[in-house]
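K.L.:
Supplied in structure tokens, the structure appears directly below.
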Amino acid sequence: MNLNATLIVQVFVFIILVGFTVKYVWPPIAKALDERANKIAEGLAAAERGKSDFEQAEKKVAELLSEGRTQVTELVANAEKRAAQIVEEAKTQAANEAARITAQAKADVETEINRAREALREQVAVLAVKGAESILRCEIDEKQHAKLLSTLKQEL
């Protein structure tokens with residue numbers, strides 16, 4: 001066999017193999033590589049979107065936390081103001097109640113004093129009448145009068 005013929009046949013077979021490969025084998029491989037490149041590109045894009053969404057979510061969470069802290073601070077301040085107001089109202093009511101109770105107690109004491117005075121007056125009147133009656137029953141004698149008056153003084 002001739003070396004040139006072998007070489008020509010090998011070149012011809014190689015050209016057929018290259019043509020077959022380019023026509024039937026290469027398109028599915030290229031298609032698979034393109035699909036794989038697209039999937040990788042989509043994955044990278046999704047990762048970027050996820051990263052930006054995550055950053056936005058972090059910002060939103062930080063804003064919500066800040067708003068929550070502000071609201072909590074306001075609520076605490078309002079609660080403290082309300083507590084102080086309630087305490088002041090309670091103090092005022094207690095002072096008013098104490099003044100009312102004191103006035104009532106003073107009025108009760110005055111009433112009791114008046115009752116005691118009236119009772120004392122009645123007792124003095126009874127004793128005076130008894131003394132006068134004793135004096136009038138007895139003879140008119142200075143010694144007896146003095147004695148009766150001293151007894152009357154001791155009874156009072």
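Every read-out reported here was derived from the displayed coordinates using simple, explicitly stated rules and does not represent laboratory data. The structure displayed is predicted, hence computed values, not measured ones. Cβ: placed from backbone, ideal geometry, glycine included. Neighbour counts: every protein chain shown.
K.L.:
Looking at the range 27-37, is at least one residue out of contact with any Lys or Arg (no Cβ under 9 Å at 6 or more places or on another chain), loosely packed, with under 10 Cβ neighbours inside 10 Å and not aliphatic (A, V, I, L, M)? Steps first, please.
P.N.:
Filtering the range 27-37 for residues out of contact with any Lys or Arg (no Cβ under 9 Å at 6 or more places or on another chain) gives 27-37.
Applying the additional criterion that residues be loosely packed, with under 10 Cβ neighbours inside 10 Å yields 28.
This time we only want the ones that are not aliphatic (A, V, I, L, M), so: 28.
Looking for residues that are out of contact with any Lys or Arg (no Cβ under 9 Å at 6 or more places or on another chain), loosely packed, with under 10 Cβ neighbours inside 10 Å and not aliphatic (A, V, I, L, M), one finds at least one in the range 27-37, hence yes.
K.L.:
Please indicate, with yes or no, whether at least one residue in the range 36-53 is not charged (D, E, K, R) and not in a helix (DSSP H, G or I).
P.N.:
Step one: of the range 36-53, the residues not charged (D, E, K, R) are 37-38, 40-41, 43-47, 50, 52.
Now drop any that are not not in a helix (DSSP H, G or I), which leaves none.
Scanning the range 36-53, I find no residue that is not charged (D, E, K, R) and not in a helix (DSSP H, G or I), so the answer is no.
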